[in-house]
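One structure is given below, encoded as structure tokens.
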Amino acid sequence: MNSSRCAACKHLRRRCPSDCIFAPYFPSNNPRRFAYVHKIYGASNVGKILQDLPVSCRAQAADTLCYEAYCRIKDPVYGCAGMVSVLHQQLNVAECQLATVKAEVAAIRNDSAALTVPTWFD
């Protein structure tokens, strides 16, 4: 048994076994991380998800579950989809601004090319 319990075992108020599925992904120094995941998915479901994955994919899955749970808590209606929508709108605005700036640069280049250099020494 570990001398310090992981965030999941602390939250669930149980002993943390040496082979705890949660310990590598929910350290005791970040209890909010497990609290978000537990609130949205439940500890049992998260444990099953992690156990069904290869060890090499578990860290990324835990990070993804944590982010999705955080988004769902922050925006209960849209969750991650709402965040994607906001980012998509920001991207569209940035693309429009870029097109405007490119058009302005092209116009300035055309104006400067059309200018003729006066000849005072003819």
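The values are calculated or read from the model by the stated rules, or taken from the named source; none is laboratory data. These numbers were taken from a predicted model, which means no experiment stands behind them. Methodologically, a virtual Cβ is constructed for each residue, glycine included, from the backbone with ideal geometry; neighbour enumeration extends over all protein chains shown. Accessible surface is based on the protein model in full, side chains and every heavy atom, while ligands, DNA and RNA are left aside. Shrake-Rupley method; radii C 1.70, N 1.55, O 1.52, S 1.80 Å.
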*Provide the per residue accessible area, probe 1.4 Å, for region 1-95, rounded to a whole number of square angstrom.*
66
*Between Ser28 and residues 5 or more places away or on another chain, which pairs have amide H atoms under 5 Å apart, with H built 1.01 Å from N, and which residues are they?*
Ala7
*Take the alpha carbon atoms of region 36-70, find their center, do the same for region 74-115, and report the distance between the two centers in whole angstrom.*
35
*Where in region 1-42 does the label zone of Lys74 land, with the point 7 angstrom along Cα→C-beta and an amide N cut-off under 11 Å?*
none
_Calculated [θ] (222 nm, deg cm²/dmol) that DSSP helices of n ≥ 4 give over the chain, each run adding -39,500 (n - 2.57)_ = -22500 deg cm²/dmol
*Once you charge only the Cβ atoms, +1 for Lys and Arg and -1 for Asp and Glu, what is the size of the charge dipole of region 27-108 about its Cα centre, to the nearest 20 debye?*
380
*Selection from Ser28, Gln90, Tyr67, by position along the positive dipole direction of the chain (Cβ)*: Ser28
*asked:* Treating the chain as a set of equal point scatterers at the Cα positions, no solvent, please give the Debye-formula log₁₀ I(q)/I(0) at q = 0.11, 0.15, 0.19, 0.22 Å⁻¹.
replied: -0.55, -0.77, -1.01, -1.19
*Of all the accessible heavy-atom surface of region 1-110, with the other protein chains kept in place and a 1.4 Å probe, what percent is carbon and sulfur?*
56
